[in-house]
Every structure is written in structure tokens, then in C-alpha cells.
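Enquirer: Take a look at this one; I'll ask things after.
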Amino acid sequence: MNARDDNGAGRPAERLRAGDDPVTAPASAGAKKLGGVAGWVDDRLGPAKGVNYLMKKVFPDHWSFMLGEIAMYSMIICLLTGVFLTFWFVPSAGHTVYEGSYVPLQGVGMSEAYASSLRISFDIKGGLLIRQMHHWAALMFTVALSAHMLRVFFTGAFRKPRELNWVIGCILSMLALVEGFAGYSLPDDLLSGTGLRAAEGFMQSAPVIGSYLAYALFDGPFPGEAIIPRLYGIHVLLLPALLVGLFTAHIVMVAVQKHTQYPGPGRTNNNVVGFPVMPVYAAKAGGFFFIVFGFLALLSATVQINAIWVYGPYDPSPVTAGSQPDWYMGFADGALRLLPGWLEFSAFGYTLSLNVAIGALLLIPVMYGLMAAYPFIEAWVTGDKREHHLLDRPRNHPTRTALGVAAMTFYGVLMFAAANDIMAIKLRMSINDITYFFRAATFVLPVIAFWATRRVCLSLQRADRNLVLHGRETGRIVRTADGQFFEAHEPLDEYTRWKLVQQEPLQPLELTTGVDAHGVQSPTARGDRLRARLSRFYFADVVQPVTPAELAAAHHDGHEHEAIEGAETPAITAGERN
């Protein structure tokens, strides 16, 4: 009896064909047709190289990268639901009498825009769900975009070569505010009309050109009949085109510049550790899109938002008490409430309403302008012109992190100030006292937040340093032969230790004399002095990472590393950093 060999070819006839090529099943007719079409397209347009590059693109696997995806998916849902709403929405301020199914408003005169919004909500199957999905998706887009930008800022992902991508993100965020305002102004209910009335007042506060600007946009005195059709064109054509174009440019630049990644073993500035688009990341991204879609659908079906039928049609004479804008415009409203009245005065025959113009017209562009300029400011201060693809731990850059928290505190104070009237009613307090508190908090709380955050980051750095040098506490008490007690520490494994020591040492730039060998002062001496002072502000107290020599000394004798830590590290000059 012949034993069957390992290849399964026990019989002589089978051994004769052992070297033959394996037989594969022929492609199906459908696959042949699809391949033929793909080949025909590739012969004429040549997309194969680009598609192959994208399919092999590697994406890091970390939950924080999903924030940008949520923003993208929310924008897609906004576009899809917006197309549905355009089928029935009438962008007209023409007068009509409502005869729809909502009984409390039957026989009431209103604009065609408001009547069509009511029809979508009550007479079109699924209309109210789509309306609320559109609104919730817009809010989700703004929230996710803001959270994504915070992640980029606090981890230093805006550094070279991604400064332009950061600028694009800032423009996207600012356009999202304008797009949201234009969107919730279209139904022409009492709440949105009040917002438009406020916007017209903001325009009039612009020095010299204010009244002309408002008259041109509204095509006459407020409210007119042109503003709703114009807002409709801006909301469904102009701004979506800009948002999609900028988002596409953002994604293309990410693909070209490659993804940033969090530090870890095997991760460097020259590689990306993660999963390729096909098949892993594509499946995960597709599933995540449907999770976001399902969550927004569930939220829209169960949580009511923007119930326009409660407010009624817009009438310029009344104003709803306690009216509030959507949250992302709250900081501008809060700034308006906090600015003092004495900022309005007359000069050269013109009334300058700076108490309105500063908060309504200057705050948003100045705030986003500073955000967009920050990568270039930090690069100039630190003198760091290198490419960075590894992300920072926020604690390792305490000044940057503290500046970010201070800016968030400033934003939060303004946003809460927008509800000073609601607070006065609910808490039975004086609205003047609340306003004075927020005025002081605008200047005091960001400073306190900066100081506290910086101290916390420095403390966390020292804790990381001690953990690397002395190891992890085990809770086990050991008694020595001479009767002393101490807690045994367990050394960190190399992978955990790597994350705590991988950051680069940071040193402030050295202040030079600014005079060359011939006694001639450098034309950039004043700028260099300012740069050196700012560099000390950034890096003077930063705790340096543990060096191999310090680690070896700590392992040999628990106190020898203190002598190494005490050695002065020379500061570096701007030329050395560059």
C-alpha cells in the first residue's frame, strides 16, 4: 500500500503532472466586460496610475483622524438633503396666504419662502425629517470641523509642509459660519428674520460705507424682497462650490504630503504606519459613513430643531424675547453684548458705531486671520524650518498648548455672554452685573487659563521624566538589610519608554549682539532681539527629555542622574536652529 506524499500526489499519474502550472478558472463574462470598459477608459484618460496610487495610500489608525472624516461625511449629508429641499422650497419674499395642513397658521399672510418651508415640514412625506437632518448635519459639520482643527493645532500638525492646508482649514471654518447663517435665514420665520434684521444693522455699522453696503445687499430699505433670493443663491450655489472646492484641495494636499502620525516604535518622519485604502481603510471608511448617517437620521427623528411653525412668519415690528443664534455664531453675539456704548461717537461728520462694528464685522476676520497666521508666527519664533510628519504630545509644547486653551477660554466667555439675558431671568440676577462679570472675564480668564495650562503641562513633563528615570511604582515595599524601607519600582518596557523620550529637546534661541566683525549693526538686529525674547517665552521652562546617559546613570545609581540634569545645556542660536 503506497503512502500518500505531502503534495497529495501519491499515484504515479499525479506525480507526472506535479510541475504543471495551476489551472485558474477563466474570468466571467461580466468581469471581462468590466475590464474592457476600464481598459478603454484608461487608454484615453489614463487614470490607472492615480487610482493605483490612491488605493495603496496608507492611513494611520487612530480615532482622532475620524474627526475630519465626520466633517466630510456631514458635508455630504448636507449636500444630499439640500438637493431634496430645493425641489419644494420657494426662495421668494412674495406675499401669499397659507392654506396648508398646519391649522394654527391657516389664513395667515406670509412670504412664499415661509409657506414652502411649512409645506415641506407638514405636507411632503419625509420632508420634516430631511429638514431636520439638513440642520443637524450642518451643526455636526461645524462641530467636527472645529474639533478637527483643535486636534491639528494641539498636536502641531500645522507645521511645515502643511501650513497652506491649515490656512485652507481656517477659510473652510469661516465659510461654514457664513453658510450656516445664510441657511437658517432662508425660512423667513420670526427668528430668522430677527437675525437678518441684526445682520442689516451690523452692515450699517461699517464706517463710511455701512449704509451703502446694507442698501446694496437688501436692494433697498429693510426688509425688501431681494434678500431671500440672494441668500438662496449664496447658500445653494456660491458657498457650497467654495466649500467643496476647498475640501477637495484639502484632501488632495493630504494625499500628496502624506498623513501625519503619532510617535511610536517604527514611526518616523520618513514613513507612514497604518492600513492601505484597499481593502481595509475603504471598508472602515464606508462603514463609518453609514454610522454617521444613521446617527444623524436617528437624532433628526427624535430631537426637534428649528421648529419654524412655533415662531410664525417674519414681521419687522415684533422681536422674539430671548432669541439666540445657532451656537457657532454665539461668540460674535456675545461680543456685541459686552462692548460698551461709549465706543459709538461722531467724527468728521460720520457716526462711528465701533460698539457694533468691532464685534460684528472685525472679530471674525481678525480671529480667523490670527489662526491662519499662527503656523508662520511659530516657525519664525522657533526658527524651525524642517518638515514634520510626527505629531507632538500637547504637554511637550506647553506654551503652544496654553495659548490654545487661552483662546478657547476667550471664545467660551464670549459664547456664554450671548446668553446674559437668559441667565438674568433664570438666575434672577441683574443683567448689568452679569455683563460686568463677563467683561472682566474676557481679559482675566484667558490669562489664568494660560498660566494654569502651562503649569499643568510642565508638571506632566516632569512626571514623565521621573517615570522614565525611576520606573513605575509597584506598591511593593522592600526592607533593606540595614532596616530602611523603600518602594520597589518596575522599569518601563522599551515601547512605553519610547513615547516618553522621543520628543526633540527644545532650547530658546540665543540673543546675539547684532554687530558683525566690522562693528556694523545688522539690519535685522531689532527683529532678532524680539525673536529671541519670544523664543524664551516659548521654551525657557520646558523640561527636556531623558537622554541615554541620564537613563544609564539612573539605572546604575538612583541619584547619579541628578548631576547630569544639573549640567547646563547651551542655548542655540537662530542660525543653528535654521
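The values are calculated or read from the model by the stated rules, or taken from the named source; none is laboratory data. Since this is a predicted model, take the numbers as computed values, not measurements. Every residue, glycine as well, gets a Cβ built from its backbone with ideal geometry; the counts of neighbours run over all protein chains shown. Surface accessibility is based on the protein's heavy atoms, side chains included, excluding ligands, DNA and RNA. Shrake-Rupley method; radii C 1.70, N 1.55, O 1.52, S 1.80 Å.
Enquirer: Considering only residues that are open to solvent by 40 Å² or more (accessible area, probe 1.4 Å), closer than 22 Å to Leu172 by Cα and aliphatic (A, V, I, L, M), which ones fall in region 254-285?
Expert: Val256
Enquirer: Looking only at helices (runs of 4 or more DSSP H) that fall completely inside region 297-359, which ones have 3 or more residues that are farther than 26 Å from Gly127 by Cβ and not basic (Lys, Arg)?
Expert: Numbers: elements: 308-311, 330-338, 354-357.
By residue number, 330-338, 354-357.
Enquirer: OK, next. Under 8 Å between Cβ atoms, at least 6 apart or on separate chains: pull out the pairs that start in region 252-264 with a residue that is more than 17 Å from Lys160 (Cβ to Cβ) and end on any residue that is at pLDDT 85 or above and open to solvent by 20 Å² or more (accessible area, probe 1.4 Å).
Expert: Tyr262/Leu390; Pro263/Leu390; Pro263/Arg393
Enquirer: Between Thr382, Thr351, which is over 23 Å from Trp451 (Cα atoms) and among the β-branched types (Val, Ile, Thr)?
Expert: That would be Thr351, the only listed residue that is over 23 Å from Trp451 (Cα atoms) and among the β-branched types (Val, Ile, Thr).
Enquirer: State all residues of region 504-543 that are assigned to a loop (DSSP other than H, G, I, E, B), modelled with pLDDT of 80 or more and open to solvent by less than 50 Å² (accessible area, probe 1.4 Å); if no residue qualifies, say none.
Expert: Val542, Val543
Enquirer: Working carefully through the options Ser459, Ser430, find the one that is over 22 Å from the mean Cα position of the chain (by Cα), modelled with pLDDT under 95 and under 26 Å from Pro508 (Cβ atoms).
Expert: Details: Ser430 fails: under 26 Å from Pro508 (Cβ atoms).
Going through Ser459, Ser430 in turn, just one is over 22 Å from the mean Cα position of the chain (by Cα), modelled with pLDDT under 95 and under 26 Å from Pro508 (Cβ atoms): Ser459.
Enquirer: Same structure again: Determine if region 146-158 includes at least one residue that is in contact (Cβ under 8 Å) with a residue 12 or more places away in the chain, aromatic (Phe, Trp, Tyr), buried (at least 16 other Cβ atoms within 10 Å of the Cβ) and in contact with a Gly (Cβ under 7 Å, 6 or more places away or on another chain). Break it down stepwise before answering.
Expert: Narrowing region 146-158 to residues in contact (Cβ under 8 Å) with a residue 12 or more places away in the chain: 146-158.
Subset that is aromatic (Phe, Trp, Tyr): 153-154, 158.
Right, trim to buried (at least 16 other Cβ atoms within 10 Å of the Cβ) and you get 153-154, 158.
Narrowing further to those that are in contact with a Gly (Cβ under 7 Å, 6 or more places away or on another chain): 153-154.
Within region 146-158, one or more residues are in contact (Cβ under 8 Å) with a residue 12 or more places away in the chain, aromatic (Phe, Trp, Tyr), buried (at least 16 other Cβ atoms within 10 Å of the Cβ) and in contact with a Gly (Cβ under 7 Å, 6 or more places away or on another chain).
Enquirer: Moving on. Does Ala449 qualify as being within 29 Å of the chain's Cα centre (by Cα), part of a helix (DSSP H, G or I) and of a type in the set (Gly, Ala, Ser)?
Expert: For Ala449, the condition - within 29 Å of the chain's Cα centre (by Cα), part of a helix (DSSP H, G or I) and of a type in the set (Gly, Ala, Ser) - is met.
Enquirer: Only residues that are among the hydroxyl-bearing types (Ser, Thr, Tyr) and part of a helix (DSSP H, G or I): list them for region 96-137, please.
Expert: Listed by number, the residues that qualify are Tyr114, Ser116, Ser117, Ser121.
Enquirer: If I ask for residues that are at pLDDT below 90 and open to solvent by 30 Å² or more (accessible area, probe 1.4 Å), which ones from region 359-378 would you list? Give the steps one after another, and end with the answer.
Expert: First pass over region 359-378, keeping only residues at pLDDT below 90: 359-361.
Correct list: Leu361 only.
Enquirer: Scan region 465-477 and report the pairs whose first residue is under 9 Å from His489 (Cβ atoms) and whose second residue is open to solvent by 80 Å² or more (accessible area, probe 1.4 Å) and part of a loop (DSSP other than H, G, I, E, B), with Cβ atoms within less than 7 Å and a gap of 6+ or a chain change.
Expert: Gly471/Pro491
Enquirer: Let me ask something else about it. Among Gln132, Gln204, which is in contact with a strand residue (DSSP E or B) (Cβ under 9 Å, 6 or more places away or on another chain) and among the polar types (S, T, N, Q)?
Expert: From the options Gln132, Gln204, the qualifying one is Gln204.
Enquirer: In region 80-92, which residue that is polar (S, T, N, Q) and surrounded by fewer than 19 Cβ atoms within 10 Å (Cβ to Cβ) is farthest from Tyr314 (Cα to Cα)?
Expert: Filtering region 80-92 down to residues polar (S, T, N, Q) leaves 81, 86, 92.
Checking which are surrounded by fewer than 19 Cβ atoms within 10 Å (Cβ to Cβ) leaves us with 86, 92.
Values: Thr86: 21, Ser92: 13 Å.
The residue in question is Thr86.
Enquirer: Right, something else. Would it be correct to say that Val447 is in contact (Cβ under 8 Å) with a residue 12 or more places away in the chain and open to solvent by less than 60 Å² (accessible area, probe 1.4 Å)? Don't jump to the end; show me each part of the working.
Expert: Working: in contact (Cβ under 8 Å) with a residue 12 or more places away in the chain: yes; open to solvent by less than 60 Å² (accessible area, probe 1.4 Å): no.
In short, no.
Enquirer: Please enumerate the residues belonging to region 93-129 that are without any contact (Cβ under 8 Å) to a residue 60 or more places away in the chain, open to solvent by less than 40 Å² (accessible area, probe 1.4 Å) and of a type in the set (A, V, I, L, M, F, W, C).
Expert: Residues satisfying the conditions are Ala115, Ile120, Ile124.
Enquirer: Still on this structure: Looking at (1) within 30 Å of Gly266 (Cβ to Cβ); (2) modelled with pLDDT of 80 or more; (3) out of contact with any Pro (no Cβ under 9 Å at 6 or more places or on another chain), find the lone condition where Arg476 falls short.
Expert: (1)
Enquirer: Please determine whether any residue of region 340-357 is closer than 30 Å to Thr435 by Cα and either touching a His at 6+ places or on another chain (Cβ under 7 Å) or β-branched (Val, Ile, Thr) (or both). Walk me through how you get there before you give the answer.
Expert: Here is the first cut: in region 340-357, the residues closer than 30 Å to Thr435 by Cα are 340-347, 350-357.
Applying the additional criterion that residues be either touching a His at 6+ places or on another chain (Cβ under 7 Å) or β-branched (Val, Ile, Thr) (or both) yields 351, 356.
Yes, that holds for at least one residue.
Enquirer: Another one. Do you know which residues across region 313-349 are touching a helix residue (DSSP H, G or I) at 6+ places or on another chain (Cβ under 9 Å) and open to solvent by 50 Å² or more (accessible area, probe 1.4 Å)?
Expert: Matches in region 313-349: Asp315, Pro316, Pro318, Val319, Ala321, Gln324, Trp327, Arg337, Gly341, Trp342, Glu344, Phe345.
Enquirer: Here's something else I'd like to know. Checking Val310 against (1) over 22 Å from the mean Cα position of the chain (by Cα); (2) in contact (Cβ under 8 Å) with a residue 60 or more places away in the chain; (3) open to solvent by 70 Å² or more (accessible area, probe 1.4 Å), only one condition comes out false. Which one?
Expert: Here Val310 meets the rest and fails (2).
Enquirer: Among the residues of region 379-417 satisfying the criterion of being assigned to a helix (DSSP H, G or I), open to solvent by 30 Å² or more (accessible area, probe 1.4 Å) and aliphatic (A, V, I, L, M), which is nearest to Pro325 (Cα to Cα)?
Expert: Checked region 379-417; the qualifying residue nearest to Pro325 (Cα to Cα) is Met415.
Enquirer: Do the conditions hold for Asn420, that is, is it touching a residue at least 40 places away in the same chain (Cβ under 8 Å), within 21 Å of Ala199 (Cβ to Cβ) and either open to solvent by less than 40 Å² (accessible area, probe 1.4 Å) or of a type outside the set (Val, Ile, Thr) (or both)?
Expert: Yes: the conditions hold for Asn420.
Enquirer: I'd like the full set of residues that are buried (at least 16 other Cβ atoms within 10 Å of the Cβ) and either not in a helix (DSSP H, G or I) or not aliphatic (A, V, I, L, M) (or both), limited to region 452-476.
Expert: Selection gives Thr453, Arg454, Cys457, Gln461, Asp464, Arg465, His470, Gly471.
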